[in-house]
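First up is the structure itself, then whatever we jot down about it.
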Amino acid sequence: MVEERRDLVIWFEHLGKEDVALVGGKNANLGEMIKAGIPVPPGFAITAYAYKKFIEENGIAQKIYDIINETVTDINDPNQYEEASRRIRELVESTPMPQEIEEAIRNAYAELNRRTNTNDTFVAVRSSATAEDLPDASFAGQQETYLNVKGIDELLKKTVKCWSSLFTPRAIFYRTQKGFPHEKVLISVGVQKMVNSRAAGVMFTINPVTGDPNKIVIEANYGLGESVVSGAVTPDDYIVDKQTLQIVDKRIGKKTVEYVRDPETGQTVHLEVSPERQAQPCLTDEEVIKLAELGKRIEEHYGHPQDIEWAIERDANFPENIFIVQSRPETVWSMKKPEAEKPEEVSFKPAAELKVVARGIAAGKRDIGVGKAKVVFSPVDAGKVMEKGDILVTPMTNPDFVPFMKMASAIVTDKGGVTCHAAIVSRELGIPCVVGTETATKTMQTGKEYTVDARSGVVYEGLIPTITSTAAPAPTATATSVVQSAPVTATKILMNLGVPEKIEDYKHLPFDGIGLMRIEFILASYIGEHPLYLLETGQAQKFVDKLAEGIATVARAIQPRPVVVRFSDFKTNEYRELKGGEKYEIEEANPMLGWRGASRYISEWYEKAFRLECQAIRKCREEWRLKNVWVMLPMVRTLWEAKRCLEIMREEGLERGRDFKVWFMAETPSIAILADKFSELCDGFSIGSNDMTQGVLMIDRDSERLGQMGYFDERDPAVKRIIAHLIRVAHEKGCTVSICGEGPSNLPDFTEFLVRCGIDSISVNADAVVNTRKLVASIEQKLLLEQIAEIRERCLGQKNKKPRQDGEWTPKWE
């Protein structure tokens, strides 16, 4: 934690990935790469502790958080974020820097000058927030970066501006939407020698559009890489085979502008690229291959696909001219298994009936977006005209556009490639997007309706029924006909849910109940404060009421169908993110296998908070008469802890009965091995196939390397055997068995195995409900036909047998 180290400045070579809390992911990764032998320009980090010291010693910390609470009263109003940001940034930038911090920065910059043998080194000054560039976060680049900064006075000014950029409108918006407490996010500043770039850009070690892990995608432009990241140009695009390091595809963009350092002023200037250079490649093939080689090494070092920024020094020779200036985890495709492309089913109208208004690069969700266009040239313009469901049309987005991108049904830009801001954010948000059209802001008109086909990168005038009707998913959230046409199954199909409000979109889907209601979203977003902190500050009832309200929202919408509420299953590192959490949470090397679930509820350190969760359940059932609310205990390891949990629940008025069922999550091998004993304590089990696989095979479920090698598979014979044993024993003891892991959604053969074992229910995410029900229906029909065939074969075999002397065998048809 920041409190453990009080360094104000640390050189990159002394940093590693373990220092994220102190210097942010961006700076920590630079140090990590230096240790791995990757060419990184020299520099140092001004720590998050220095920022904390700045706001606390000057007494402005509480003023900052009060401004946010006073100003942002409607979380969907972008103008309120703008006003809060303006006030906070004025406050921060008008506050003097403590002398101790200033001296530390002065000394470090002087040392950098000595190392680079210059008087005033040109540096890049980059913000690096402590919650940025982490595997489970995204929207990197919310804070500001300053390039070609020269001299100590300018460096000190830009440092304070970086600190204040922790409160840009987009940053405040993101933390508010994600439920991150603002006071938990600190900021470090990286100071790095500038590369005087001849060319620069972005590299992904996984194809960011298709998710192909075997391809490396490189986008490049003349000058500084900011032109590529911001989407100011349509860059050169190279695709390299990761195994052979051969260039398999190359597209040379029309590069109309480059950002370069003015040799006289030293400032960054935007220059037009001469017509003869626009269509020429800005990299040589050997530079492309060398970059891919470095990208592959970086991915192998981290064990995770990377999003990398690089630059080529104009004053050095190959290969010493290639530098990596930033690397962070890729946060879309690498977090899930790539899905196979769905076959094209669109039946287009004749060409004469289709008017194409723009063509570009398909970059966002591979889907269709329809709506009225709003052509805007700045976030300010967007704030005046954008409404939910509009198509956002703009030259290029930047992070200030994010609140409006979230409102859009589709996004279309003039500039940019598959790694530009619009492309990355649209993939994060699941919004159709077409970039690099060059002309969309001229050919599309505000107020007119368009169809954006983000599978092929084409925008059509008007609403094209033959496209939109086919592109729409078969089961819509409001189509009651889906329920009527869904097949009947003996195996119940349940649904997983985390965000209570989404039940209104999904309540008409053909599910038999909620098999897993995760309350973690309620804790993080509705409440946002650690339950023990609320207890200590006399606000326990706030926790009970808000949790109960979230659960009741779902239970009311679908009653009498059951809602199985899983008690909180945050791990220690996740609980620490809640307000006040640091005081109550320990640091664990492997939180996945640590203090979580039942072991937390019965401990002296958390029992009081668990009782609050029980009180919220009781409020739903008794005050609001929502008898369809059941509960589930996660991560149950031993019989004695299960008994103690049930005892606490009884003391809080929750006891198993005819209309109140208690399930145990079956995530540990122990609960399956002792299924006969655990069955005496509960009404049912729900298999958590990810954790069960982890436990049976003794592997880290988050290990990219083991995943790539095929170790993590619910279909492993050992995992299937223990699941089959659990189902058989539970049924013998009168308990039901469900499953709420990802396996049934993705693996039809695993689903068939579960149905053949006699599982009672399968719980899947909303987008898989209809397909899973159809799949289960087909499997059950197959089993019936097999049984009929088996009976017939047995009967025909007996028919041909001679009757026994005692007359025991006499076929009915004879």
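Observations on the structure shown:
- Principal-axis analysis of the Cα atoms of the chain puts helix 20-35 at an angle of about 80° to the longest axis.
- Between the listed residues Ile88, Leu22, Val385, the Cα displaced farthest toward the positive end of the dipole of the chain, a dipole computed from Cβ unit charges relative to the Cα centre, is found at Val385.
- Rounded if a/c under 1.5, otherwise prolate or oblate - the chain, Cα gyration tensor axes: prolate
- Residue-normalised accessible area of the chain, expressed per residue, 1.4 Å probe, Å²: 43 Å²
- Pairs of Lys residues in the stretch 148-190, spaced 8 or more positions apart or belonging to different chains, with C-alpha separations under 27 angstrom: 6 in total.
- Full-stretch length increase - Asn79, Asp676 - with 0.36 nm per residue and alpha-carbon distance subtracted: 209.0 nm
- Counting only protein chain heavy atoms and rolling a 1.4 Å probe, the accessible areas of Leu626, Leu783 rank, largest first, as Leu783, Leu626.
- Of all DSSP beta bridges in the chain, antiparallel share, percent nearest 5: 65 percent
- Contact order normalised by residue count of the chain, Cα under 8 Å, 6+ apart, percent: 8 percent
- The chain: calculated mean residue ellipticity at 222 nm from DSSP helix runs of at least 4, using -39500 (n - 2.57): -11000 deg cm²/dmol
- Solvent exposure of Tyr65, expressed as accessible area, is near 30 Å², computed with a probe of 1.4 Å over the protein chains only.
- Pairs from Lys542/Lys627; Lys372/Lys774; Lys255/Lys290; Lys254/Lys355; Lys26/Lys542 whose Cα-Cα separation, in the structure shown, is over 30 Å: Lys372/Lys774; Lys26/Lys542
- The stretch 407-450: C-alpha gyration tensor shape, a/c 1.5 cut-off, then a/b vs b/c: oblate
- In the context of the full protein assembly, Leu784 retains an accessible surface of approximately 100 Å², using a probe radius of 1.4 Å and ignoring ligands and nucleic acids.
- Distance (nanometres) between label positions extended 7 Å along Cα→Cβ at Ser599 and Ser94: 5.2 nm
- Given a 1.4 Å probe and the protein chains as shown, Asp262 ends up with an accessible area of around 40 Å².
- Between helix 152-164 and the chain there is an angle of about 30 degrees, using the helix long axis and the longest principal axis of the Cα atoms.
- Cα-based shape type of the stretch 372-464, given that a ≥ b ≥ c are square roots of the gyration tensor eigenvalues and the cut on a/c is 1.5: rounded
- Cα convex hull, the stretch 666-794: 122 Å³ per residue, rounded to a whole number.
- Rg and Dmax of the stretch 369-419, Cα atoms only, in Å: 9.8, 28
- Potential extension, Thr537-Met592 segment - 0.36 nm per residue separation minus Cα distance: 16.9 nm
- Inter-probe distance in nm under a simple model that places probes 7 Å from Cα toward Cβ, at Trp624 and Arg86: 4.0 nm
- Under Karplus coefficients 6.51, -1.76 and 1.60, residue-wise ³J(HN,Hα) of the stretch 310-323 in Hz, glycine/proline x: 9, 8, 10, 5, 6, 9, 9, 9, 5, x, 5, 8, 9, 10
- The chain - percent of accessible surface contributed by carbon and sulfur, probe 1.4 Å: 50 percent
- Extending 7 Å from the Cα toward the beta-carbon at both Gln280 and Arg658 defines two label points whose distance is 8.7 nm.
- For the stretch 141-254, the fraction of alpha-carbon pairs in successive 5 Å shells from zero, as %: 2, 10, 15, 14, 14, 16, 14, 10, 5, 1
- Cα long-axis angle, helix 78-93 against the chain (0 to 90 degrees, to the nearest 10): 50 degrees
The values are calculated or read from the model by the stated rules, or taken from the named source; none is laboratory data. Source: prediction; values computed, not measured. Heads up, the Cβs are rebuilt from the backbone with ideal geometry, glycines too, and the neighbour counts pull from every protein chain shown. Side chains included, ligands, DNA and RNA excluded: accessible areas come from the protein's heavy atoms. Shrake-Rupley method; radii C 1.70, N 1.55, O 1.52, S 1.80 Å.
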